[in-house]
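Presented below is the structure to which this report refers.
The values are calculated or read from the model by the stated rules, or taken from the named source; none is laboratory data. Model, not experiment: these values are computed from the prediction. All Cβ positions, even for glycine, are placed from backbone atoms using ideal geometry, and neighbour counts span all protein chains on display.
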Amino acid sequence: MTENSEQELKDEFQQKKVAISKLRSELTSVGKEKEDAFKELRSIREKISKINNDIKTIKLERDSLTKEVKDLKKDREKLNQAVKDKASVKKEVEKNKSEVIDDRNFKEDPAKIKAQIERMERSIEIEVMPFKKEQEIRKKIKELKNQLQKLEAVKDVWKEVKTVMTEFSQTRREAQDMHHKIQGKAKQSQEKHETMNKMFEEIKKLRESEKPFLETYLEAKKRFEEIKRQLDDLAQRVGMLNKVFDKEDKNNFNAKVKERTEDVKEKMKKGKKLSTEDILAFQALKD
């Protein structure tokens, strides 16, 4: 190896060591930038993952409420139909009531009429009276019995009216309660739906905030890999140069030892006294 080529290699060796130091520093900086961006991305994605899990839970709750509303509407339709049916019955009963009941009926007491009939029948049995009078009494008894029959009919009609009115009111109240229940469930379902929409908007915003960190991370990762490749290439070259210099240093050392031992041999032939350095050089040659 010539002196010039040796110096060029030494210069290259020093330059590449400096370059390696700079690249290592740059690699550390870019690596930190990459890791910081990755941490931000991970934090955002953890938030998105949590919101997605919350959305799944709320969606199940909303779907359950929606199904409840659907089932309740079917029950309400049945109740509404029952109300219509009860209304028709109520109308018919009220019609019958108007046909049977009049002011006179309301003023008479069935118990008094029964007692009057019993007295008149007993008087016919125990009293001696003219035939004409008996006929008049019997006619009156017949009229009273007809009147009593009408009053009994009125009593049955009132009973029917009361029953129908009670059933109608109860069915209508159940239908109204069902309607309010459906409104409450539907409101809860809508609130769940609106909450989900807000959460989707939040995810959308997080996705937007994620973009710059993702770009930074990908760019830093690309630079990191490129710097690492350059660093590996330089390290490989420096390693080769190290081997060259180690070999050169060893060759130079051996050459110097060989030269010194030649002097030692010459002194020994002439019988001259050997110095400590002469003895060490001679030993090195034998090794």
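For the reader, a short list of remarks on this structure follows.
Yes or no, residue by residue, for (1) part of a helix (DSSP H, G or I); (2) within 30 Å of residue 242 (Cβ to Cβ); (3) modelled with pLDDT of 90 or more; (4) of a type outside the set (Val, Ile, Thr):
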{"residue": "8", "(1), (2), (3), (4)": "yes, yes, no, yes"}
{"residue": "13", "(1), (2), (3), (4)": "yes, yes, no, yes"}
{"residue": "18", "(1), (2), (3), (4)": "yes, yes, no, no"}
{"residue": "39", "(1), (2), (3), (4)": "yes, no, yes, yes"}
{"residue": "46", "(1), (2), (3), (4)": "yes, no, yes, yes"}
{"residue": "54", "(1), (2), (3), (4)": "yes, no, yes, yes"}
{"residue": "57", "(1), (2), (3), (4)": "yes, no, yes, no"}
{"residue": "66", "(1), (2), (3), (4)": "yes, no, yes, no"}
{"residue": "76", "(1), (2), (3), (4)": "yes, no, no, yes"}
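- In summary, residue 245 fulfils each of the numbered conditions (1) surrounded by 15 or more Cβ atoms within 10 Å (Cβ to Cβ); (2) at pLDDT below 85; (3) in contact with a Leu (Cβ under 8 Å, 6 or more places away or on another chain) with the single exception of condition (1).
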